[in-house]
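The values are calculated or read from the model by the stated rules, or taken from the named source; none is laboratory data. Quantities reported herein were computed from a predicted structural model and do not represent experimental measurements. Using ideal geometry, Cβ is built from the backbone for each residue, glycine included, and neighbour counts are taken over all protein chains shown.
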Amino acid sequence: MKIAFAQINVTVGDLPGNAAKIASFLAKARRAKAGLVLFPELAVTGYPPEDLLFKPSFIEGNLKVLKRLVLLTRGVTAVIGFVDRDPQGRLYNAAAVAANGRLLAVYHKVHLPNYGVFDEKRYFTPGAKPLVFPPAIGVSICEDIWAEEGPCRQEAWAGAKVLVNISASPYHAGKLRERERLLARRARACQAWICYNNLVGGQDELVFDGGCLLVSPKGQVVFRAPQFTEDLFLASIPSSGKPRRRPLPADGEIFRALVLGTRDYVQKNGFRRVVIGLSGGIDSALTAAVAAAALGRKGVVGVSLPSRFSSAGTRADARAVAKALRIRFLEIPVEPVVAAFSQALRGSFEGRKADATEENLQARIRGTLLMALSNKFGWLVLATGNKSELSTGYCTLYGDMVGGFAVIKDVTKTQVYRVSRAANRHFGRRVIPESVFTRAPTAELKPRQTDQDTLPPYPVLDTIVKDYVEADRPAASIRSRGKAVASVLDRVIRMVDRNEYKRRQAPVGIKITPRAFGRDRRMPITNRFQEI
């Protein structure tokens with residue numbers, strides 16, 4: 001049997017556009033003489049549709065689309081993700097099985113995830129029955145295959161020799177390897193072939209990486225589609241040999257996820273160009289490299305906003321990054337504006353020493369200037385802050401946090417350096433100069449300032465961020481990491497806890513870890529619990 005994996009990039013709510021894409025891929029599968037073509041979970045509506053599911057017209061529109069698509073299945077059997085509705089008005093995350101212009105069966109997802117970024121129990125009713133259709137093919141949807149005693153096992157007991165799983169599984173670093181290990185176990189336990197078809201594309205903070213898989217009953221991955229790529233991929237049962245493509249290296253994988261997430265957020269929301277404040281540091285350089293890879297050089301504008309504290313080195317590096325990426329470059333000195341603000345505030349601040357207020361004022365002036373460019377020219381501002389900064393509140397509300405999308409929001413500072421090396425490899429040249437890697441990180445808001453004046457060394461800080469934020473480990477357990485961690489742990493935890501209010505006001509950004517700020521981690525702002 002020839003299987004066609006339709007690894008497609010759909011848009012939430014775009015019922016006509018999604019229908020046209022599915023129809024196009026149906027035709028491609030037919031021309032390829034595939035016996036079975038698989039589409040992702042909720043391919044008709046896009047994933048996750050969230051509260052669009054409360055709109056009756058949206059549900060009705062999705063059902064009308066499915067009816068039209070069923071008529072296009074002549075000569076091929078298709079499994080298509082959609083939203084089903086029963087006579088009582090209950091909704092189901094569903095998979096339609098159609099062939100030769102007829103709807104043969106409908107499967108309802110049994111296991112509804114309700115953790116992390118998932119909220120399916122808010123919308124859907126769980127299904128109750130497995131589905132096996134001729135010739136011995138079982139159907140399941142995403143979370144179903146993660147359940148040890150779920151419908152896949154039941155379908156195998158009922159005689160299924162091929163298990164189809166259509167999915168919208170969000171990306172985080174290493175997720176493809178997790179899926180492969182799981183599917184290998186499930187294939188061996190069920191003694192069946194597993195055809196796993198995953199969504200690709202960006203949706204707000206989520207990125208879906210594709211990476212469709214065909215796994216043999218022995219647990220061998222015999223086909224792996226490339227990640228972050230939309231296309232129709234063909235594989236056959238029976239099959240032998242090794243996967244045709246190796247998984248991407250970890251940092252290269254993250255870079256590709258950032259590129260896809262940025263491209264889709266910008267383009268699906270109707271923007272054609274983005275603007276980035278280029279400080280000459282590593283964070284803004286990586287953000288610019290991601291944007292240039294996602295949108296092309298004509299889609300990116302870099303702006304240097306130097307003050308009297310900006311060094312010749314950072315100013316030169318900001319210009320060098322723009323030149324290497326071949327993007328448009330503007331320079332707007334902020335010192336005259338800072339002076340005007342300082343004069344306006346002089347009477348109110350009389351008798352007070354300069355402190356973080358004056359530092360934050362510079363950052364907020366920069367944010368205002370970037371937003372002015374955005375308003376005037378319709379450019380989307382990309383925020384350049386990283387996860388280490390956002391965790392500790394080492395960032396300025398309405399300043400460096402300003403923007404419509406935060407590209408590296410879920411990337412820690414130590415990861416930023418590694419992913420920046422991957423960016424240089426992607427471009428095949430040094431678009432981020434070596435001086436950006438070797439210079440001590442600094443906000444340049446006062447003389448001789450470095451990040452480590454305020455924060456622990458980033459390797460130490462990021463260990464705590466990974467343990468406390470991503471893994472939710474208790475403080476007592478984190479202390480065992482060693483003296484360097486233990487000596488600053490209480491201070492870092494206090495910084496993380498008291499800066500939730502800032503994170504609530506940050507722009508959405510791409511999730512690349514198992515637990516990102518936002519949908520994944522929802523802490524109350526008004527909160528007196530103390531971990532330490």
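For region 26-63, which residues satisfy the criterion of being under 26 Å from Val110 (Cβ atoms) and assigned to a helix (DSSP H, G or I)?
Result: Glu50, Asp51, Leu52, Leu53, Phe54, Pro56, Phe58, Ile59, Glu60, Gly61, Asn62, Leu63.
Here's a check for you: in region 272-286, which residue that is in a helix (DSSP H, G or I) and not acidic (Asp, Glu) is farthest from Ala363 (Cα to Cα)?
Here the answer is Leu286.
I'd like the full set of residues that are assigned to a loop (DSSP other than H, G, I, E, B) and in contact with a strand residue (DSSP E or B) (Cβ under 7 Å, 6 or more places away or on another chain), limited to region 458-506.
Ala506
Residues checked against (1) over 32 Å from the mean Cα position of the chain (by Cα); (2) more than 17 Å from Gln154 (Cα to Cα); (3) surrounded by 12 or more Cβ atoms within 10 Å (Cβ to Cβ):
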residue	(1), (2), (3)
Ala98	no, yes, yes
Leu104	yes, yes, yes
His111	no, no, yes
Phe124	no, yes, yes
Pro134	yes, no, no
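For residues that are in contact with a Ser or Thr (Cβ under 9 Å, 6 or more places away or on another chain) and either part of a strand (DSSP E or B) or at pLDDT 95 or above (or both), tally how many sit in region 514-523.
Qualifying residue count, region 514-523: 1.
I'm checking my understanding of the structure. Among residues of region 255-271 that are assigned to a loop (DSSP other than H, G, I, E, B) and in contact (Cβ under 8 Å) with a residue 12 or more places away in the chain, which one is surrounded by the most Cβ atoms within 10 Å (Cβ to Cβ)? Show your work before the answer.
The first filter runs over region 255-271 and keeps only residues assigned to a loop (DSSP other than H, G, I, E, B), leaving 269-271.
Going one step further and asking which of them are in contact (Cβ under 8 Å) with a residue 12 or more places away in the chain, we end up with 269, 271.
Numbers: Asn269: 12, Phe271: 17.
Here the residue is Phe271.
Sort out which residues of region 1-28 are in contact with a Phe, Trp or Tyr (Cβ under 9 Å, 6 or more places away or on another chain), among the small types (Gly, Ala, Ser) and within 16 Å of Leu72 (Cα to Cα), and write them in order of number.
Answer for region 1-28, where residues must be in contact with a Phe, Trp or Tyr (Cβ under 9 Å, 6 or more places away or on another chain), among the small types (Gly, Ala, Ser) and within 16 Å of Leu72 (Cα to Cα): Ala4, Ala6.
Is it the case, given these coordinates, that Ala156 is in contact with a strand residue (DSSP E or B) (Cβ under 8 Å, 6 or more places away or on another chain) and assigned to a helix (DSSP H, G or I)?
When the stated conditions are applied, Ala156 passes them.
Which number in (1) over 24 Å from Leu248 (Cα atoms); (2) of a type outside the set (Gly, Ala, Ser); (3) part of a loop (DSSP other than H, G, I, E, B) marks the one condition that His172 misses?
Here His172 meets the rest and fails (1).
What are the residues in region 341-370 that are under 29 Å from the mean Cα position of the chain (by Cα) and not β-branched (Val, Ile, Thr), if any?
Ala363, Arg364, Arg366, Gly367, Leu369, Leu370
Where in region 308-381 are there helices (runs of 4 or more DSSP H), lying wholly inside it, with at least 3 residues that are under 30 Å from Arg429 (Cβ atoms) and of a type outside the set (Val, Ile, Thr)?
Of the helices (runs of 4 or more DSSP H) lying wholly inside region 308-381, those with at least 3 residues that are under 30 Å from Arg429 (Cβ atoms) and of a type outside the set (Val, Ile, Thr) span 312-325, 356-377.
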